[in-house]
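Below: one structure, written as structure tokens.
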There are 2 protein chains.
Amino acid sequence: MINFKSVTDFRLHGGKYFIPCVSIDCVIFGFHRNQLKVLLLKIANLNGWGLPAGFIYKEEHIDEAAKRILCQRTGLQNIFLQQFYVFGDPGRCDNNITKIAFENEGIKAPTDNWLLQRFLTIGYYALVNYKAVNATTDFFSEDFNWHDIDNFPMLAMDHNEIVDKALLTLRTHLRYQPVGYNLLPEKFTMPELQKLYETILDRKLDRRNFQRKMLSYGILRRLKQRREGVAHKAPYLYSFDLRKYHKALKEGFQSAW
Amino acid sequence: MINFKSVTDFRLHGGKYFIPCVSIDCVIFGFHRNQLKVLLLKIANLNGWGLPAGFIYKEEHIDEAAKRILCQRTGLQNIFLQQFYVFGDPGRCDNNITKIAFENEGIKAPTDNWLLQRFLTIGYYALVNYKAVNATTDFFSEDFNWHDIDNFPMLAMDHNEIVDKALLTLRTHLRYQPVGYNLLPEKFTMPELQKLYETILDRKLDRRNFQRKMLSYGILRRLKQRREGVAHKAPYLYSFDLRKYHKALKEGFQSAW
């Protein structure tokens, strides 16, 4: 990893180290108090919010680059991270952010500067444990915050479109692969799992159908321990059977056909 | 569109017109005589087969580039074409093809030549009408042919991996969106549709379950006309209700949850 002396050094000379014209944007989902949230950064010099993003070193696998960027921004490793789409509209890039940054620093950037080109961006989404995230700012960002998906700010460039597509992808993945590990605590009740699904899908689900379907996937272990401190019948606690969970993640649920 | 004077002109000067380090590879599926097939090109100077591929003009949307490449190779327009994955292993590129080509032409290529860099490739898959394809060779390809998916040759670079991933994606898409238009003739029987699904999934399906599930999606129209020339009971003919088909393609089947 290259340590740039300053953000100006990065802006002027980063092109030597990174693949040109391609960036990575990460949509980092967390779940807290029945709310699906996305981690956003406040972009330095812009007074606006955007997705955690970065670039790919010339010798780096793109998946490794995404993991590195995610780790730099959240402190998390070994995260469920999935490539979901490439955004390649020639009008998607707003080079004004870089131009203004150069002007503010009194630098006349060459027109062939690597950041002043058109960029494609590869979208990755991650499901993370909200409480384990220890986000940090760097010289691209002044602040960070979790934003509820149903009360979302206007983001820089096409980042709203990227979040929408990530959410649509996550909804689609619910149909054929497990979701929940990392988003839920280690032990959870069936109503808590259902609430997660309802939040992602943005609609109510039938309780009995949901339970039957989830159990049919064979990825849950019902624990002997029950949720305590509940007035009437204490609900069962479940955890994911991680071996079966990861198998289903790789192969998809077999029940569809 | 730029008309290069020769393949050498393209190899030496293409970098002025295309986005660096990113290509597009197309996996073109067709269905004929109960066989799923992929259109391959015989790569010039290599004596080997590979996927139809191309590059993105500096001002071109990536989806438009994929459509243009597909049209150049197959003569087809208005095709179901879907981006499915970016392949970004730093070891995936074999620059020897370009190096050998330069050597054969007696040209000493500069080391910063655009084709001698690492390339990411964006995979698109297309479902096309086998009979409507009028493939053409150009200066990258000597020949073209349809290859059965279950008797597939070794391809150049990581193209076998790209085909495998496309097939896996197509299988996944069967779970939540319609497939069949373009692959089947306009009118088809239920057994013909089932055979297409079985070929893609590479396994037998239960006849009654299949019929019930397909009808439940509401994308089929049963025609008054039946298949003629069949000894006993002539089977019903169906066609896709294209309005509902395209709605389901966009939104996914609602039956999953």
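The values are calculated or read from the model by the stated rules, or taken from the named source; none is laboratory data. These numbers come from a predicted model, not from an experiment. Ideal geometry is used to build each Cβ from the backbone, glycine not excepted, and the neighbour counts take in all protein chains shown. Quick note on the areas: whole protein, heavy atoms, side chains included, nothing else; ligands and nucleic acids left out. Shrake-Rupley method; radii C 1.70, N 1.55, O 1.52, S 1.80 Å.
List of remarks:
- Residues in region A:38-75 that are within 14 Å of A:VAL163 (Cα to Cα) and either aliphatic (A, V, I, L, M) or at pLDDT 95 or above (or both) were compared, and the one that is surrounded by the fewest Cβ atoms within 10 Å (Cβ to Cβ) is A:ALA53.
- Matching residues, region B:225-237, being of a type in the set (A, V, I, L, M), closer than 22 Å to B:GLU198 by Cβ and open to solvent by 60 Å² or more (accessible area, probe 1.4 Å): B:VAL230
- Among the candidates A:ARG203, A:ARG222, the residue that is among the basic types (Lys, Arg), out of contact with any strand residue (DSSP E or B) (no Cβ under 8 Å at 6 or more places or on another chain) and either open to solvent by 30 Å² or more (accessible area, probe 1.4 Å) or not in a loop (DSSP other than H, G, I, E, B) (or both) is uniquely A:ARG203.
- Each residue in region A:86-116 was checked for being open to solvent by 60 Å² or more (accessible area, probe 1.4 Å) and out of contact with any His (no Cβ under 9 Å at 6 or more places or on another chain), and 12 pass.
- The single condition among (1) within 14 Å of chain B (Cβ to nearest Cβ); (2) under 24 Å from A:GLN35 (Cβ atoms); (3) at pLDDT below 90 that A:ARG207 does not meet is (3).
- Applying the condition of being under 16 Å from A:THR121 (Cβ atoms) and either under 14 Å from the mean Cα position of the chain (by Cα) or in a helix (DSSP H, G or I) (or both) to region B:51-64 and asking which residue is farthest from the other protein chains (Cβ to nearest Cβ) yields B:ASP63.
Okay, residues lined up against (1) on the phi < 0 side of the Ramachandran plot; (2) in a loop (DSSP other than H, G, I, E, B); (3) open to solvent by less than 10 Å² (accessible area, probe 1.4 Å):
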residue: A:ILE122; (1), (2), (3): yes, no, yes
residue: A:THR136; (1), (2), (3): yes, yes, no
residue: A:PHE144; (1), (2), (3): yes, no, no
residue: A:ASN160; (1), (2), (3): yes, no, no
residue: A:LYS165; (1), (2), (3): yes, no, no
residue: A:TYR176; (1), (2), (3): yes, yes, no
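- Figure legend. Inter-residue proximity from region A:77-89: first residues away from every other protein chain (no Cβ under 14 Å) and within 17 Å of A:ASN182 (Cα to Cα), second residues open to solvent by 50 Å² or more (accessible area, probe 1.4 Å) and of a type in the set (D, E, K, R), beta-carbon distance below 9 Å, spacing 6+ or different chains. Indicated pairs: A:GLN77/A:LYS67; A:ASN78/A:LYS67; A:ILE79/A:LYS67.
- If the condition is being in contact (Cβ under 8 Å) with a residue 40 or more places away in the chain, of a type in the set (Gly, Ala, Ser) and within 14 Å of chain B (Cβ to nearest Cβ), then region A:90-125 contributes only A:GLY123.
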